[in-house]
Amino acid sequence: MTTQNPSFHPQTPPPRLTPYAPPARWLHWLTAAAVLFVIPAGIAMMNLPQGAAQDRLFDLHRSVGILILVLAVLRVAVRVALGAPPPAPGLPRWQHVVASATHHLLYVLIVVMPLLGWATSSTYGAQVSVFGLFTLPALLAKNEPLSDLLGAIHQVLGFAMAALVGLHIAAALFHGIVKRDGVLSRMIPALSRR
Ligand code: HEM
Ligand code: HEM
């Protein structure tokens, strides 16, 4: 009996893995765009001189950050309701564990970071105006020492999140460009239709 498994043929295109459901993909890319804006915006606003430009960037950072919180709640609901596709076949166990841990941490951070930012602003005595449309109530009473502490935690976690997002993007591109194993197309199914 011959072993005619087509997946061993060198010309075989990358496998077409089960993609994430459309709502999960839309929410992933909206959140990704918002996170990729909010981190550099946060760093830039901290390095601007005090003035109108810094105030505007603070407002935008807070607004997009609150949008991330809303998207995060929707994402968790969609994830619980629809689940995720089964793990990519053939993925080494350690890669599956690292990917799963990264994804879980990113879910935690998209909830915790906006709440910490909101609490930092409230304890500082600053209003959180969302795209100039409405103002959120203060999460905590004014307390400047507490604001300094929460701001420092928000900063450290913000840098940790930047590193984690960098790792996540590098892994996604490694799968998409080097390994071409279909993992990237789980979030961009159009890639496997060509
Ligand atoms: C250019 C940027 C990005 C690319 C190319 C990308 C790519 C991907 C891909 C291919 C997956 C599916 C992995 C798999 O099937 O195992 C995924 C999942 C995920 N990504 Fe991204 N991503 C990007 C940015 C982000 C950002 C900024 C976040 C921050 C929150 C993020 C959070 C997540 C999470 C939480 C999952 C797991 C989804 C689940 O299983 O429910 N991604 N990403
Ligand atoms: C996922 C969402 C968020 C991320 C990743 C994020 C990230 C960051 C980063 C990287 C910085 C710069 C830290 C530094 O260079 O010192 C920063 C600063 C700041 N962010 Fe956010 N942020 C988010 C959401 C929010 C929200 C929703 C608010 C308020 C409603 C907010 C309020 C602030 C404030 C007040 C600072 C200055 C902190 C200080 O004075 O030390 N952030 N953020």
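The values are calculated or read from the model by the stated rules, or taken from the named source; none is laboratory data. Everything numeric here is computed off the predicted structure, so don't read it as measured data. Ideal geometry is used to build each Cβ from the backbone, glycine not excepted, and the neighbour counts take in all protein chains shown.
Summary table below
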| item | result |
| --- | --- |
| Sole residue being at pLDDT below 95, among the hydrophobic types (A, V, I, L, M, F, W, C), over 20 Å from W29 (Cα atoms) and more than 10 Å from ligand 2 (Cβ to nearest atom), chosen from V183, V178 | V178 |
| Top-ranked residue in segment 104-133 [being farther than 19 Å from V38 by Cβ and without any contact (Cβ under 8 Å) to a residue 24 or more places away in the chain; ranked as nearest to ligand 2 (Cβ to nearest atom)] | G125 |
| Some residue of segment 125-135 being part of a helix (DSSP H, G or I) and β-branched (V, I, T) | no |
| Sole exception among (1) surrounded by 15 or more Cβ atoms within 10 Å (Cβ to Cβ); (2) of a type outside the set (D, E, K, R); (3) under 16 Å from I39 (Cβ atoms) for L150, by number | (3) |
| Index of the failed condition, L140 passing every other in (1) touching a helix residue (DSSP H, G or I) at 6+ places or on another chain (Cβ under 6 Å); (2) in contact (Cβ under 8 Å) with a residue 60 or more places away in the chain | (2) |
| Lone unmet requirement of (1) within 13 Å of ligand 1 (Cβ to nearest atom); (2) not in a loop (DSSP other than H, G, I, E, B) for P85 | (2) |
| Test for T18: is it over 24 Å from G166 (Cβ atoms) and either within 10 Å of ligand 2 (Cβ to nearest atom) or of a type in the set (V, I, T) (or both) | yes |
| Inter-residue pairs, beta-carbon under 8 Å, first within 16 Å of ligand 1 (Cβ to nearest atom) and in segment 41-69, second in a helix (DSSP H, G or I) and hydroxyl-bearing (S, T, Y), 6+ apart | I68/T31 |
| Qualifying position, being in contact with a His (Cβ under 6 Å, 6 or more places away or on another chain), surrounded by 15 or more Cβ atoms within 10 Å (Cβ to Cβ) and either assigned to a loop (DSSP other than H, G, I, E, B) or not hydroxyl-bearing (S, T, Y) (or both), among L116, L157, L69 | L116 |
